[in-house]
Structures are given as C-alpha cells and as structure tokens.
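One structure below.
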Amino acid sequence: MSYGLKRVTGRFNSKNTCDARTYSYTLPTFAFSHKDHETQDESFRLSKETLDKVNELLALYKGTHNFHNFTSQKGPRDPSAKRYIMEMHCEPPFQQGGLELAVIKVKGQSFMMHQIRKMIGLVIAVVKGYAPVSIIERSWGEEKVDIPKVPGLGLVLEKVHFEKYNRRFGNDGLHESLDWVEEEDKIESFKKEHIYPTIIQTEIQEKSMSTWMATLPIHDYEASSSQQNTDIHKVEGVSHVASDEDEGSD
C-alpha cells in the first residue's frame with residue numbers, strides 16, 4: 001500500500017541517504033505496573049506520575065552512548081557499539097480494543113539488532129522495581145550487564161529521515177522534501193485501523209507481554225559473572241563487520 005510518491009535525484013539511495021530512523025513500540029500500559037501488581041491486569045491505568053518517571057528514564061538514553069550491552073556480538077571497545085539517540089519518549093496512553101496502550105518513540109542515527117527492545121526492557125525493569133536507576137548508566141560501561149529484551153510485538157519502523165537531502169535538494173525547484181507531512185493523517189488512520197488492532201488481538205491471545213514480564217525476576221541486575229567477563233574478551237578478539245541486520249534494524 002502506498003500513500004505518497006515523490007521524485008528524487010538520479011543517484012538517490014534510500015538506505016545510504018537516510019540520516020536517522022524513528023521507531024515506535026506499542027505496549028499495554030500494565031507493563032509499567034509495579035512488580036507486586038498483577039502481571040496482566042487489563043484494568044490497569046497509567047498514572048501521570050508513572051508516565052513522567054518513564055519519560056525521565058527514556059530521556060537518559062539521549063546522546064551518544066556505548067550500547068554494547070544492548071545487542072550481541074559486540075564488545076565494549078567496539079567503536080560501532082556507540083550510537084547516537086536524538087529523541088526517546090513515551091506518549092500519553094490511549095484506550096482501544098479493551099486495553100490501555102502507550103507508544104514509545106525513539107529517533108536515532110542507526111540501531112543495532114535488539115537495541116531498542118533492550119532499551120525499553122531495561123526501563124520497564126526499573127519502573128517495575130526490579131533494577132535501580134543506576135543500571136542504565138552502568139550498562140554503558142565495560143562490564144557485562146544482564147538486560148531483558150521486550151517481545152518483538154509492537155515494534156514498528158515509523159519514519160526514515162532524509163534531513164541532509166532535504167536541505168540540499170528540497171527547494172531546488174525540481175524535487176520535493178521527503179517529509180510526508182501531507183500523508184500523516186492517512187498513516188495514523190491506517191495504524192488505528194490495522195496495526196493497533198493486530199497488536200491488541202495478538203497480545204490478548206498470546207499474552208506475550210505478560211509472559212515476558214514473568215521472566216523479569218530471573219535476570220541478575222546487580223552483578224556480572226566471571227563467565228560473562230570472559231565472553232567480553234572473546235568478543236573483543238573477533239573482528240566484527242556490521243551488516244544490514246544490525247545496522248538498521250532491531
């Protein structure tokens with residue numbers, strides 16, 4: 001399905017010309033309930049206080065950090081593990097299909113495999129009371145940190161950004177800016193009619209979030225084993241070439 005069409009330059013390459021990507025992650029708000037709360041309570045409603053706390057934690061990711069703990073096969077001294085996050089926040093919740101949902105959006109230059117899912121998983125672990133706030137900053141250090149990864153359900157590539165291209169060619173009289181502002185209403189309608197119902201139906205049937213939440217107590221948020229430290233040195237000794245699977249995807 002296509003909502004828009006624009007003329008681009010002859011040598012335009014959508015992957016290489018892209019400056020940044022925005023992903024969204026839609027999840028039931030009961031994921032942010034305290035660990036002593038019922039695992040899957042569809043009557044749970046996200047308070048403003050908890051939403052503010054979630055956004056404070058998500059904002060910590062902004063900037064350039066070493067995300068080696070948020071993916072696999074990258075050691076702490078691998079330069080490609082450093083990624084730049086421009087924006088990350090959780091939007092106000094809304095109700096649909098019998099569930100209260102919230103959408104987390106993150107904009108970055110590029111992402112590694114599983115990086116976004118682990119970033120969100122760690123924030124949930126902190127909000128629920130399993131891990132201290134300090135674990136987020138600690139995860140950027142050299143030691144191996146055990147980070148939970150939220151289910152893949154709900155993760156969507158929302159937008160690809162071509163800001164440098166737009167500045168150079170957007171007003172040259174021959175081409176248009178690749179911003180898709182005129183199509184946003186249609187895109188939002190599509191999400192409400194097709195994407196959100198699919199996420200809700202799948203969550204109710206498969207209980208992916210509640211099942212994952214039950215695994216959170218298993219993680220060791222305080223210490224790293226000697227075996228984990230050994231694995232770091234093993235990874236550092238391997239020359240890793242980034243591929244499409246970890247450069248632009250989660």
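The values are calculated or read from the model by the stated rules, or taken from the named source; none is laboratory data. Everything numeric in this text was worked out from a predicted model, so none of it was measured. Please note: Cβ atoms are built from the backbone with ideal geometry, for glycine as well, and neighbour counts cover all protein chains shown. Note: accessible area is taken over every heavy atom of the protein model, side chains too, but ligands, DNA and RNA are not part of it. Shrake-Rupley method; radii C 1.70, N 1.55, O 1.52, S 1.80 Å.
When the chain is treated as a GNM with alpha-carbon contacts under 10 Å, the residue of 95, 109, 73 showing the greatest mean-square fluctuation is 95.
Rolling a 1.4 Å probe across the protein heavy atoms gives the chain an accessible surface of 53 Å² per residue. Of the cross-linked pairs 53/105; 82/207; 105/149; 35/107; 164/186; 105/128, those separated by over 22 Å at the C-alpha level are 82/207; 35/107; 164/186. Under a model in which nothing but the beta-carbon of Lys, Arg (+1) and Asp, Glu (-1) is charged, the range 80-186 shows a dipole of about 580 debye around its Cα centre. Average projection, convex hull of the Cα set of the chain: 14.9 square nanometres. Take the Cα of residue 180, go 7 Å toward its beta carbon, and the backbone nitrogen atoms of the range 140-158 under 20 Å from that spot belong to 153-158.
Could you order 37, 161, 114, 68 by accessible surface area, starting with the largest, using a probe radius of 1.4 Å?
Working: 37 75, 161 25, 114 45, 68 0 Å².
Descending order: 37, 114, 161, 68.
For the chain, carbon and sulfur atoms together expose 49% of the accessible surface, with a 1.4 angstrom probe and every protein chain in place.
Of 166, 69, 13, the residue with the greatest mean-square motion in the GNM of the chain, using alpha carbon springs below 10 Å, is 13.
Please compute the net charge surrounding residue 122, taking Lys and Arg as +1 and Asp and Glu as -1 over other residues with Cβ under 12 Å from its Cβ. Before the final figure, lay out the partial values.
Numbers: positive: 117, 118, 128, 138, 149; negative: 137, 146.
Around residue 122, the charge tally is +3.
Adding -39500 (n - 2.57) for every DSSP H run of four residues or longer, then dividing by how many residues the chain holds, sets the calculated 222 nm ellipticity at -8500 deg cm²/dmol. With only the Cα atoms considered, the range 1-107 has a convex hull volume of 183 Å³ per residue. Annotation: residue 198 carries an accessible surface of approximately 80 Å², with a 1.4 Å probe and no ligand, DNA or RNA atoms counted. Using a simple spin-label model with pseudo-atoms 7 Å out from Cα toward Cβ, residue 7 and residue 80 lie 3.8 nm apart.
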